[in-house]
Every structure is written in structure tokens, then in C-alpha cells.
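Chemist: One structure is given below, represented as C-alpha cells, and several questions about it will come after.
We did not get these values from a lab; they are worked out from the coordinates using the rules stated. In this text the structure is predicted, and so the values were computed from the model without any measurement. Here the Cβ is made from the backbone with ideal geometry for all residues, glycine too, and neighbour counts use every protein chain on show.
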Amino acid sequence: MNELIDQMKVILASTFAMGLKTQYFHWNVEGPHFNDYHKLFGGIYEDLFGAVDTIAEQIRALDSYAPGSLSRFVQLSKVDDQINIPTSRLMISELLSDNTIMLSELTKAFHLAENADKQGLADFIAGRIDVHSKHGWFLRATSKVQ
Ligand SMILES: [Fe+2]
């Protein structure tokens, strides 16, 4: 159970970190595809920030406290912070690789939830895996050079 709680804290911090980075890119992206990228990043960060509250409440339901400070999130997150402004192409490839990390961390959490007989939580995590698969599709399709 402790392993599951620790992994849910990783999911919380990583989701927040990816949400912040995606919103940062939404604000600062430039180039001929500005409008497409701005909207794509907008849809992704809204989903990520929308999920943060439920992830934190799932941690409370497991009878642990939810972390909620920037310094703690930096310690816990598997998604690295970005302080520079990459080109639009690099923004897409960085988010694609962050999204792959999220999928792997969520899959870990899913198996831990199943092993702990937490079916409701496993179901919620499976939903997050589906949404991140869709983010991956959108990012991949956008990055494809014709
Ligand atoms: Fe906006």
C-alpha cells in the first residue's frame, strides 16, 4: 500500500509539472503554426490541471496527505522542469517524451492499485492512461513532417 501511495504522489507531482510546462509553452510558442500549437497545448494543460485535484483526493482517500508545494513537486516529479523557451518543434518533442514518462508512471500505478485491490483507483488511473494515449496521438500527429 505504501508503494501505491508513493506512486500516486509521483503521479500528482508529474501531472502538475507537465501541466505547468504545457501552459508555459501555450503562452510562449511562436512561429507559422502558432495557432495550432497554442490550441493543442491549451487542451492538454486544461486536462492535466483538471486531473490534479482528483489525484490529490485519491491520495487522501488512501489515508495519506497530498503534497502541494513547488519544492516537493520538484523532488517527486518524473517530468523535468523547463526554464528556457524551446522552438515549437522542440516543444512538441519534449512534451511527447514527457507524455511517454507519464504513461509509464501511470502503468506502474495501475498495477500497484490492482495488487492492492483498489479497483476504483485502478479504474481512475486507467482513464488517465487513455487520456495520455490521446495526448500522445495529438502530439505525434502534430510533429509528423509531411
Ligand atoms: Fe490561454
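Chemist: What number comes out for the charge environment of Gln23, summing +1 per Lys or Arg and -1 per Asp or Glu over other residues with Cβ under 12 Å away?
Modeler: So the environment of Gln23 carries a net charge of -1.
Chemist: Quote the charge dipole size of the chain about the Cα centre in Debye, to the nearest 20; the model charges only the Cβ of Lys and Arg (+1) and of Asp and Glu (-1).
Modeler: 320 debye
Chemist: Could you give each residue of segment 131-139 its phi-based ³J(HN,Hα) in whole Hz, using Karplus coefficients 6.51, -1.76, 1.60 with θ = phi - 60°, and x for Gly or Pro?
Modeler: Along segment 131-139, the couplings run 5, 5, 4, 5, 4, x, 4, 4, 5 Hz.
Chemist: Moving to a separate point now. Could you order peptides 53-62, 104-113 by the average number of other Cβ atoms within 10 Å of their residues, highest first?
Modeler: 104-113, 53-62
Chemist: Next question. Checking the a/c ratio against 1.5 first, then a/b against b/c, what shape does the Cα gyration tensor give for segment 56-109?
Modeler: Judged from the Cα gyration tensor, segment 56-109 comes out oblate (a/c at least 1.5, b/c at or above a/b).
Chemist: Hey, any idea what the orientation-averaged projected area of the convex hull of the chain's Cα atoms comes to, in nm²?
Modeler: Computed as one quarter of the Cα hull surface, the answer is 8.3 nm².
Chemist: Further, regarding this structure: Between 0 and 90 degrees, rounded to the nearest ten: what's the tilt of helix 88-115 against the longest Cα principal axis of the chain?
Modeler: Roughly 10 degrees, rounded to the nearest 10.
Chemist: Dipole size in debye (nearest 20) for segment 65-146 around its Cα centre, Lys and Arg Cβ +1, Asp and Glu Cβ -1?
Modeler: 220 debye
Chemist: Right, here's the next one. Can you put His132, His38 in order, fewest other beta carbons within 10 Å first?
Modeler: Taking fewest neighbouring Cβ atoms as first place, the list is His38, His132.
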